[in-house]
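As structure tokens, the structure follows; a few thoughts come after it.
The values are calculated or read from the model by the stated rules, or taken from the named source; none is laboratory data. Being a predicted model, the structure only gives us computed values, none of them experimental. Here the Cβ positions follow ideal geometry from the backbone for every residue, glycine too, while neighbour counts run over all protein chains shown. Each accessible area value is taken on the protein alone, full model and side chains, heavy atoms only, with ligands, DNA and RNA left out. Shrake-Rupley method; radii C 1.70, N 1.55, O 1.52, S 1.80 Å.
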Amino acid sequence: MSATTFFTWNVNGIRACHRQGFVSTLEEYKPDIVGLQEVRATQEQIPEDIQNHKIYPHQFYFGAQKKGYSGVGILSKKEPENVLKGIGAKEFDFEGRSITAIFPKFIYCSTYFPNSQDKGKRIAFKLEFCIALNEWLMKLSKKHPDKALILAGDFNIAHEEIDLARPNDNHDSPGFLPDERAWMSKFLDSGWTDSFRTLHKETVKYSWWSARTRARDRNIGWRIDYHTLYNTDLKKIKKAEIYDQVFGSDHCPVTLSLDL
């Protein structure tokens, strides 16, 4: 039996990414499930050739109340058993940050974590979100103990120094603050697995580059996009990659293949 393949991609505005080849990228790789973050569009604003794509007849989006902000989505070849929008907490769901699809053998959650912002202006909100999301997922896992649980998306956290190009210059930068890195360590120690790092212990690859400084041209990047797994036999991980040669956003797709 072939593996199930997943993409997670912060598209930094799906309409802008569409103009830069979003559809052709999906048609080239044909993942079974696509998790999107920072969609920044209502469902009516999604380009027609995405909405009506024959490979992905099952599409679900969850947007922020604020127009043009945040937003997540899931595209799937097969119909899920159920789709859950948000995590049941108004202060976070208001921003359209998480959507979850339940399938017969796995649960896939596409999430856009808050940015802690300059000088940690929003670090408290971010950590509250991290805790609430994990608690919600644990309750979901208890309801479906036989299903693998996959949390995918833009965590806005570079966990270790290997995960960004200039760690010594960024200890006070959002995404590399001690408190959010500590949360990530605790999260992984609690039973979650960083699929890419599990297979690539020493590999230096990034999934995001600042567009303001032409950082991608120089590969001055950060690895802040993940597929993390819970309740999964790690032998089932067949492939976990970062497609840093795929363009269309300031992030690139992060992929996972699981033998389920």
(request) Go through region 71-97 and give me each residue that's small (Gly, Ala, Ser), more than 16 Å from Asp32 (Cβ to Cβ) and surrounded by fewer than 23 Cβ atoms within 10 Å (Cβ to Cβ). (result) Gly86, Gly88, Ala89
(request) List the number of the failed condition for Ala64; all other conditions in (1) in a loop (DSSP other than H, G, I, E, B); (2) touching a strand residue (DSSP E or B) at 6+ places or on another chain (Cβ under 6 Å); (3) small (Gly, Ala, Ser) hold. (result) (2)
(message) Against the condition surrounded by 20 or more Cβ atoms within 10 Å (Cβ to Cβ), assigned to a helix (DSSP H, G or I) and not β-branched (Val, Ile, Thr), how does Phe129 come out, does it pass?
(response) yes
(request) Would you mind stating whether Arg15 is in a loop (DSSP other than H, G, I, E, B), under 18 Å from Cys252 (Cα atoms) and open to solvent by 10 Å² or more (accessible area, probe 1.4 Å)? (result) no
(request) Give the residues of region 98-119 that are open to solvent by 10 Å² or more (accessible area, probe 1.4 Å), touching a Gly at 6+ places or on another chain (Cβ under 9 Å) and over 17 Å from Gly86 (Cα atoms), sorted by residue number. (result) Asn115
(request) Please tell me if Ile157 is open to solvent by less than 80 Å² (accessible area, probe 1.4 Å) and part of a strand (DSSP E or B). (result) no
(message) Return the pair list, or none, for Cβ contacts closer than 7 Å from residues in region 175-196 that are at pLDDT 95 or above to residues that are of a type in the set (Gly, Ala, Ser), at least 6 apart or on different chains.
(response) Gly175/Ser116; Gly175/Ala158; Phe176/Ala158; Leu177/Ser116; Leu177/Gly120; Glu180/Ser116; Ser195/Ala240; Phe196/Ala240
(request) Please find, within region 37-50, the residue that is farthest from Glu91 (Cα to Cα) out of those that are surrounded by 15 or more Cβ atoms within 10 Å (Cβ to Cβ) and either in contact (Cβ under 8 Å) with a residue 60 or more places away in the chain or polar (S, T, N, Q) (or both). (result) Gln45
